[in-house]
Amino acid sequence: MDIDLHEDDAPAWVELNTPDPEVSARFYGQLFGWTFAGGLGARPQSWVAELGGRPAAAVTATPGARRGSWTTFVKVADAAKAVERIAAAGGSVLTGPQSLGTAGRSAEVADHAGTRFGLWEAGEHHGFGVADEPGAFHGGELITDGVDASAAFYGQVFGWTLGEPYGPLNRRDWRLGGRSVSVLLPRPAAMPAGTPPYWDAYFTVADAARTADTAVRLGATALMPATATGHGVIAVLADPTGAVFTVLAPAH
């Protein structure tokens, strides 16, 4: 499905920072069928991953980084005002807001617990242009140690509210205007204690088990095998640069 516009205060874009863009492009190109176009916002070190000619994600070279990482970006009407709300709610601003030419403005921020995510103020680039098909960004999931504190922070910054827990892991939907915009997951017992809370990036696939097998063959590490959840079947992976992401075959 094609997407033209995104509502404010909902996740609308995702970016991979990678120490080896050639390795990352080869991996995701084979795994998701992405092709790569010129840089977003005229950044020579950044490429737009496309799925059938539609923007799906950004891949940005980060020389010297120890490992790759995915960042989920929330679309905002005004990045400068959004970072003020984040600071007032106990979060912090890591970079920006900075202009990316006519594409828009971005900032990298952290919530009250230090969990990193991004802000995107759209110019000519509105966010991902494809959804609900294999290889497309499905959404973000906040894995947190403090449900109540997270609810207070994201409620104050974006107006999000939490739905009721569901499933064996007590996932909860983040809701905006009555619509689910992302997911919250309390830290699972199986998650290593040394792993800090993070925003996970989910990508839609047709078959999670088959995609996970393919990813491992391409150099990824399986962190969690294909597992049924209330949303569908998921598998958690680390790509060849160490960037963690999740694939989801949605329940029908």
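The values are calculated or read from the model by the stated rules, or taken from the named source; none is laboratory data. Values in this document were obtained by computation on a predicted structure and should not be read as measured data. No Cβ is skipped: glycine too gets one built from the backbone with ideal geometry, and neighbour counts run over all protein chains shown. With ligands, DNA and RNA removed, areas are computed over all heavy atoms of the protein, side chains included. Shrake-Rupley method; radii C 1.70, N 1.55, O 1.52, S 1.80 Å.
The table that follows gives values for the structure above.
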{"read-out": "Between the range 71-143 and the range 13-41, the alpha-carbon center distance in angstrom", "value": "19 Å"}
{"read-out": "Alpha-carbon Rg/Rh ratio, for the chain, with Rh computed the Kirkwood way", "value": "0.93"}
{"read-out": "Gaussian network model of the chain, Cα within-10 Å springs - most flexible of ARG85, ARG66, ARG171", "value": "ARG66"}
{"read-out": "Square roots of five times the Cα gyration tensor eigenvalues for the range 62-130, Å", "value": "19, 18, 11"}
{"read-out": "Mean accessible surface per residue for the chain, computed with a 1.4 Å probe while every protein chain stays in place, in Å²", "value": "43 Å²"}
{"read-out": "For a label point 7 Å along the Cα-to-beta-carbon line of ALA80, residues of the range 90-113 with backbone N under 18 Å", "value": "93-108"}
{"read-out": "Hydrodynamic radius of the range 58-192 per Kirkwood, over alpha carbon pairs, in Å", "value": "16.1 Å"}
